[in-house]
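Asks: Dropping a structure here in structure tokens format, bear with me for questions.
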């Protein structure tokens, strides 16, 4: 599997979804959509972002992610996996620091994906 840094380089070049094991899951699954606007003071953000992404991707229930500036979507096999990540100490630390320092705004939503298809030329 790719490291987070390798995956980040790929997804910055192409706005496509990175699936764990390069395999899109069959629906249904869950999407956690995170829309944000950062503050000017983002010291420490990149390091924490890398740590949290590696932590999330290490969990069996994390299926992959999509990312474009201002929007990050992580994909999960179920609510139990989302709750495992929600209660993860590193994730809690990142959320606290984000509220204190990095974000002007964010909105997080959990959605059930009933159908999905991809196209790549």
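We did not get these values from a lab; they are worked out from the coordinates using the rules stated. Owing to the predicted nature of the structure, the values given are computational and were not obtained by experimental measurement. Methodologically, a virtual Cβ is constructed for each residue, glycine included, from the backbone with ideal geometry; neighbour enumeration extends over all protein chains shown.
Asks: Based on a Kirkwood Rh over C-alpha pairs, give the Stokes-Einstein translational diffusion coefficient of the stretch 37-88 at 20 °C and viscosity 1.002 mPa s in µm²/s. Spell out each step's value before the answer.
Replies: Details: Rh = 12.1 Å.
For these conditions, the coefficient is 177 µm²/s.
Asks: Taking the beta-carbon count within 10 Å as an exposure proxy, list 19, 85 from fewest neighbours to most.
Replies: On the way: 19 15, 85 18.
Listed from fewest to most nearby Cβ atoms, that is 19, 85.
Asks: Given the Cα-Cα distance of residue 113 and residue 48 and 0.36 nm per residue of separation, how much length would full extension add, in nm?
Replies: Working: separation 65, 0.36 × 65 = 23.40 nm, distance 2.78 nm.
Extending this stretch completely gives an extra 20.6 nm.
Asks: What's the FRET efficiency of residue 88 with residue 121 using the Cβ-Cβ distance as r and R₀ = 25 Å, to the nearest 0.05? Before the final figure, lay out the partial values.
Replies: Values: r = 37 Å, r/R0 = 1.48.
My answer for the efficiency is 0.10.
Asks: Turning to a different aspect of this structure: So, in nm, how far is label residue 41 from label residue 60 when the simple model puts each one 7 Å beyond its Cα toward the Cβ?
Replies: 4.2
Asks: With N residues in the chain, what two-decimal value do you get for its Cα radius of gyration over 2.2 N^0.38 Å?
Replies: Details: Rg = 14.1 Å, N = 121, 2.2 N^0.38 = 13.6 Å.
Here the answer is 1.04, to two decimals.
Asks: Would you work out the relative contact order for the stretch 4-113, in percent, from Cα pairs under 8 angstrom that are 6 or more residues apart? Numbers along the way, then the final one.
Replies: Details: 152 pairs, mean separation 46.0, N = 110.
RCO, the stretch 4-113: 42 percent.
Asks: Hey, with R₀ at 22 Å, roughly what FRET efficiency would residue 106 and residue 79 work out to, going by the Cβ-Cβ distance, to 0.05?
Replies: Efficiency, rounded to the nearest 0.05: 0.60.
Asks: Which of 84, 40, 46 has the fewest other C-beta atoms within 10 Å, and how do the rest follow up to the most? Can you show the working numbers first?
Replies: On the way: 84 17, 40 7, 46 10.
So the residues, fewest neighbours to most, are 40, 46, 84.
Asks: If the convex hull of the alpha-carbon atoms of the stretch 76-121 is projected onto planes in all directions, what is the mean projected area in square nanometres?
Replies: 5.2
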